[in-house]
Each structure stands twice: as structure tokens, then as C-alpha cells.
1. Can you tell which of Ile65, Ile119, Ile91 is touching a Gly at 6+ places or on another chain (Cβ under 9 Å) and touching a residue at least 40 places away in the same chain (Cβ under 8 Å)?
2. Cβ-Cβ distance below 8 Å, separation of 6 or more or different chains: which pairs start in the stretch 298-320 with a residue that is more than 25 Å from Asn250 (Cα to Cα) and end on one that is surrounded by fewer than 21 Cβ atoms within 10 Å (Cβ to Cβ) and small (Gly, Ala, Ser)?
3. Out of (1) in contact (Cβ under 8 Å) with a residue 60 or more places away in the chain; (2) within 22 Å of Lys350 (Cβ to Cβ), the odd one out for Val286 is which?
4. State whether the residues of the stretch 11-19 include one that is among the acidic types (Asp, Glu) and in a helix (DSSP H, G or I).
5. Go through the stretch 308-321 and report how many residues are hydrophobic (A, V, I, L, M, F, W, C) and out of contact with any helix residue (DSSP H, G or I) (no Cβ under 7 Å at 6 or more places or on another chain).
6. Just give me the residues in the stretch 202-245 being within 19 Å of Val304 (Cβ to Cβ) and touching a Lys or Arg at 6+ places or on another chain (Cβ under 7 Å), in sequence order.
7. Is it true that some residue in the stretch 236-252 is among the β-branched types (Val, Ile, Thr), within 30 Å of Val166 (Cα to Cα) and under 28 Å from the mean Cα position of the chain (by Cα)?
8. Residue under question is Glu104, and the condition is that it be over 17 Å from Val15 (Cα atoms), outside any loop (DSSP other than H, G, I, E, B) and not basic (Lys, Arg); does it hold?
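The values are calculated or read from the model by the stated rules, or taken from the named source; none is laboratory data. If you're wondering where the values come from, they're calculated on a predicted model, not measured in any experiment. Ideal geometry is used to build each Cβ from the backbone, glycine not excepted, and the neighbour counts take in all protein chains shown.
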Amino acid sequence: MTDNEKKPVEKKDPVILVVDDTEDNLDLLEFALKRKPVEMIRANSGMECLNIARDRQPDVILLDIQMPEMDGFETLKRLRENPVTAKIPVIFLTAQRKEPESIERGLLMGVDEYLTKPIDTDELLVRTKTLVRIKRMEAELERTKADFMAMLVHDLRSPLAGIKDVIEFFRELEKTGGSLTADYFTLLAASQESAERMLQLINNLLDLSKFEAGKITLNKEPLPIRKIVDKAAKQMDFQFRQRNIALQLNVRDDLPIVTVDGGKIGQVLMNLLSNSLKFAGSGGKVTVSVEATEERFDNQMQRVLAVSVMDTGMGIPQEEIAGIFQRYKQASTAKRVRQKGTGLGLAICKLIVEAHGGTIGVTSEVGKSTTFRFTLPLT
């Protein structure tokens, strides 16, 4: 969720603009729809349709093909050419006998549905509700993409600005012949942290695009899980110390070797640690634990390594847990933390773990703690 949480879209009765040059047809349909959960607007010509569609923005347009002066095809063409009306769903209204050529022509021009005369009002309502639902989902997706791009720009701009300032500072220091002190090394460490955060974000974006294109490749090799955990913890060490959050590792040296893509599983750990870091708060604690155990998969027991990342943070509301691994989704408690995210990290974790044949889940208690746990099959 973002700071500017969106209010839920108010679900009103859908508005249908019905376009027919015959008044009797409009009267009959208006009478039939009088008791239905829908608002009907009338238009007698293609030109009137264009004007009303522009001004009223109906949810759906029911457009008769056979009309004088401007037929349904020309009206549809002009609707699609105008950015204001281009995305309004259009249902073509045809004679009782469907003409394949007309249907093909309409589909090529961007019509969404076809209905035949006489109109079945129940079928019209079903088609309308389906188109309205799709339209609302597309609008929500556009809003989500816009929010994501805003967060992405922020997440890249802030660390870049910090790195730029540090570089300029050291250039000035070089000109004046100054020497490095402990504070300067802290600045360098902070710059490195910013660079690593940007790299982590870029890696998440690249992996997401590869998963969506079906082009992700896992370079698996036998590795000790301790090595992967230690590397991730070392990379995050400065951030934990800077925020006064304790990082504890409970990983034995005698755990079984696991065959994985070390870089990708390290990325999962980095994402989970970054997530815990945001929510734990100063004086909090994050614990990484690994155990060898057995779990049931497809009605048979399988040996796995189970990796847990627990934080003493603000938690996740139970009703939000089911969707927490969806891309661009963030817990409502995220609005209270200083460092915002893009909502990609946990989605990437799920994709990577499942690509290894494992599972990932979360348990949480608001105001107390959150534990993310993923498994990796042992061969």
C-alpha cells in the first residue's frame, strides 16, 4: 500500500448507452430494462453517440450496425480514434441472422461483443457486467502500474542522489588535500548500501521479466546453506547496524548440502531480510533459522531444508496474508515505515522458491512478529 491509500471504487449500476435510429426499439428496450440494475442512455444516431460517449463516459455502448448517415462501423471507428472514448467497451447489435463478414470486420475494428435482435435483456446484463468488470480490472491495473512506477522512481532516485553527494564530497576533499577519517568511511559504507539496494531492485525487476517470459535459468550446484546465509547476512550487516536492529543466525554447520542456484536463493534471503529490516524498528531483532526436516508433498514425505526469517516487527493483518506474495502488493502496515518498497520482493521470493520445487509461506501476529518460511527439497 502507498501513503495515499486509494479509496475502494464505488460500485454503481452500470450505465449503458444504447444507439439505434428506431425510436420504437429504444422504447421497448428501455421498458424491458426499467426494473433491471442498470441505467440506460438513448442515442438516435452515430453522431449523437459520439457526443454522449465523450461527455457521459458510459460503462458500455450497445451499438446498432445498420443506421443511416453513420453506420455502426464508422461510429466504432471514431470511438476508437478518440482517446477519451477509445477504451469504452462496445457491443454490436446485429440482425437475427449473424453475418460472419460483419462479425469479423467488427472484431478487427475492436468491438468487444455481439448481440442479435430481439435483445435478450438477461444476456445483455450478463455481457455488460462482464465487460464492466474487465474495464474496472484494467483501470485498477493502470493505477497499480502508476503507483509502482512512482515507487520505482523514488527507490532509484533517493540512493542515486546520496551516492552522487558522497562522490562530490570526496572530489572536494581531494582538491583541498584533506585526509580520511572514520566518519568518511561511514559515508562510503552508506554509499555502498545505497548501491546494493539499487542492484537488488534491478535484479528483482530483471528476474520478474524473465519469469514472465519463461526465460529464467537456474544454475544449480551442491552448496552448504550456511554459506548462502552468511553471505546474505554480511551484505546486510551495515544496514542492520545502522538501524540498531540485531541480526541473529541459527544455522548449524552440519546441515545437509542442498542443490540450488546460490545466487537466486541468496536473493530470496536478501529480499526477506530487507523486508524484515523495514518492519522491525530500532532495537528490534531479526532471526534467520535453518533446519533439516520432512514435509508432505503430493501425499508423500520429502526431506527439505526449512529456512525461516522472523522479525519482531509490527506484523501483517491476517486478512492480508493470502495476497502478500502477489506482485505490487504490500501490507497496510507498510505505510507506517520510513523506507517504502515496490511490492516486488516477496513476489520474486515466491517465484524463485517454487522454481526450485519448494514452498513459501508466512505467519504473523500484528504488533508482535512475522515469520517467513521457505523450503528447499533435499535430493
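1. Among Ile65, Ile119, Ile91, only Ile65 is touching a Gly at 6+ places or on another chain (Cβ under 9 Å) and touching a residue at least 40 places away in the same chain (Cβ under 8 Å).
2. Taking only residues 6 or more apart or on different chains, the pairs are Pro317/Ser332; Glu320/Ser332.
3. Unmet for Val286, out of (1) in contact (Cβ under 8 Å) with a residue 60 or more places away in the chain; (2) within 22 Å of Lys350 (Cβ to Cβ): (1).
4. no
5. 2
6. Within the stretch 202-245, Leu218 is the sole residue that qualifies.
7. no
8. yes
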